[in-house]
Amino acid sequence: DLCLDCKRLGRTCVVVTRGLPCLGPVTRTGCGALCPSMGRDCYGCFGPSEGAEPRTLANRYVAMGIPAADVARQFRGITGALRPFREVADGLA
């Protein structure tokens, strides 16, 4: 997942530092952690990683106090039409 790229590159976790619903934990690598490198949450450009548990991640973000609408918006982003992300977003709406 993209989180490993962030750690290797020494990027600060935007979930921990800014409370943003980053898709890094459920996203394929390949971009060089571009969004987190710019202080932004990952949009999931490369789609869900194999074996990802996006529903678990979404539930965790909601439990952290991130509004469900914000989490759903993140999952509806660039790769939001892909089934794993679409199902999560629809379940939060």
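The values are calculated or read from the model by the stated rules, or taken from the named source; none is laboratory data. Here the structure is a predicted model, which means the values were calculated and not measured. Cβ coordinates were reconstructed from backbone atoms using ideal geometry, including for glycine residues, and neighbour counts include every protein chain displayed. Accessible surface is based on the protein model in full, side chains and every heavy atom, while ligands, DNA and RNA are left aside. Shrake-Rupley method; radii C 1.70, N 1.55, O 1.52, S 1.80 Å.
The table below lists the values:
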quantity: Qualifying residue in segment 52-59 (condition: out of contact with any Asp or Glu (no Cβ under 8 Å at 6 or more places or on another chain), of a type outside the set (Ser, Thr, Tyr) and surrounded by fewer than 20 Cβ atoms within 10 Å (Cβ to Cβ)); calculated: yes
quantity: Verdict on CYS35 being outside any loop (DSSP other than H, G, I, E, B), under 12 Å from the mean Cα position of the chain (by Cα), under 22 Å from THR12 (Cβ atoms) and at pLDDT below 95; calculated: yes
quantity: Subset of segment 25-81 that is among the charged types (D, E, K, R) and touching a residue at least 24 places away in the same chain (Cβ under 8 Å) - its residue that is farthest from GLY91 (Cα to Cα); calculated: ARG40
quantity: Residues of segment 23-44 satisfying the condition of being open to solvent by less than 40 Å² (accessible area, probe 1.4 Å), on the phi < 0 side of the Ramachandran plot and touching a Phe, Trp or Tyr at 6+ places or on another chain (Cβ under 9 Å); calculated: LEU23, VAL26, THR27, CYS35
